[in-house]
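Report on one structure; see the data block that follows.
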Amino acid sequence: MRWIMAILLLPLLAGCGSPGPAVYDEPPRPVRDHEEALKAHTYRDGLIMFTPIGLSTGIHTLVGSHADWPAKGQFVRIRMIIDNGYPTFHKIELTKQVLVTTDGVEHSLDGDGTNIKRQPTDTELGAHDRIELDLYYDIPATATVRELRLYGAPVTDLGIEIPNDPGVRVPLS
């Protein structure tokens, strides 16, 4: 009788203590000069996942292969990982990503800084693809960064963009 009970309980016991979903074992890497590593939290807008991993403030000049460009105030650089959780291609307009300072002012992606540092202004990710890139903003020299407002252009199951996407707020301070 005990062996029958053991056979019946075996499937239940096998499920106990399972390690959970498998994860990638990514090696740590050093942050870039004058960059602060951010605690990696992932924020979702639809099936687009944003993970800010680095923040640099107080950059006065951007140096590129074809230009040096002074900030009007200070450049802010945010290192970002973006994952596409959709089973199809998905376009993300990086120019829609907004940086908000502690005074409540919203700042758009800086086109000059983005071009000089050869970063995209939009990107199309393949199904379940991932990209790592920098977002550049030029904010007043005395301003302090508060948050990002990120927009992943979520879509319905039929691939139709959801209107009035509220985006997701990502605290940076």
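The values are calculated or read from the model by the stated rules, or taken from the named source; none is laboratory data. Just so it is clear, the model here is predicted, and its values are computed rather than measured. Neighbour counts are summed over all protein chains in view; Cβ atoms, including those assigned to glycine, are modelled from backbone coordinates with ideal geometry.
Matching residues to (1) closer than 30 Å to Asn164 by Cα; (2) over 17 Å from the mean Cα position of the chain (by Cα); (3) at pLDDT below 95; (4) not in a strand (DSSP E or B):
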{"site": "Ile7", "(1), (2), (3), (4)": "no, yes, yes, yes"}
{"site": "Pro11", "(1), (2), (3), (4)": "no, yes, yes, yes"}
{"site": "Pro19", "(1), (2), (3), (4)": "no, yes, yes, yes"}
{"site": "Pro27", "(1), (2), (3), (4)": "no, yes, yes, yes"}
{"site": "His34", "(1), (2), (3), (4)": "no, yes, yes, yes"}
{"site": "Val76", "(1), (2), (3), (4)": "yes, no, no, no"}
{"site": "Thr88", "(1), (2), (3), (4)": "yes, yes, yes, yes"}
Hey, among Asp83, Asp138, Asp129, which residue is at pLDDT 95 or above, among the acidic types (Asp, Glu) and either touching a helix residue (DSSP H, G or I) at 6+ places or on another chain (Cβ under 6 Å) or over 16 Å from Ile48 (Cα atoms) (or both)?
-> Asp138
Kindly check whether there is at least one residue in segment 152-163 that is in contact with a Ser or Thr (Cβ under 8 Å, 6 or more places away or on another chain), buried (at least 19 other Cβ atoms within 10 Å of the Cβ), touching a residue at least 40 places away in the same chain (Cβ under 8 Å) and not small (Gly, Ala, Ser).
-> no
Condition test on Asp157, is it of a type in the set (Asp, Glu) and in contact with a helix residue (DSSP H, G or I) (Cβ under 9 Å, 6 or more places away or on another chain)?
-> no
Only residues that are modelled with pLDDT of 95 or more, in contact with a Ser or Thr (Cβ under 9 Å, 6 or more places away or on another chain) and surrounded by fewer than 18 Cβ atoms within 10 Å (Cβ to Cβ): list them for segment 54-73, please.
-> Pro70, Gly73
For residues that are of a type in the set (D, E, K, R) and either over 22 Å from Leu38 (Cα atoms) or surrounded by 20 or more Cβ atoms within 10 Å (Cβ to Cβ) (or both), scanning just segment 104-116, find the one that is nearest to the chain's Cα centre (by Cα).
-> Asp110
For segment 128-139, state whether one or more residues are surrounded by fewer than 17 Cβ atoms within 10 Å (Cβ to Cβ) and either without any contact (Cβ under 8 Å) to a residue 12 or more places away in the chain or small (Gly, Ala, Ser) (or both).
-> no
Determine whether segment 102-121 contains at least one residue that is in contact (Cβ under 8 Å) with a residue 60 or more places away in the chain, outside any loop (DSSP other than H, G, I, E, B) and within 28 Å of Ala67 (Cβ to Cβ).
-> no
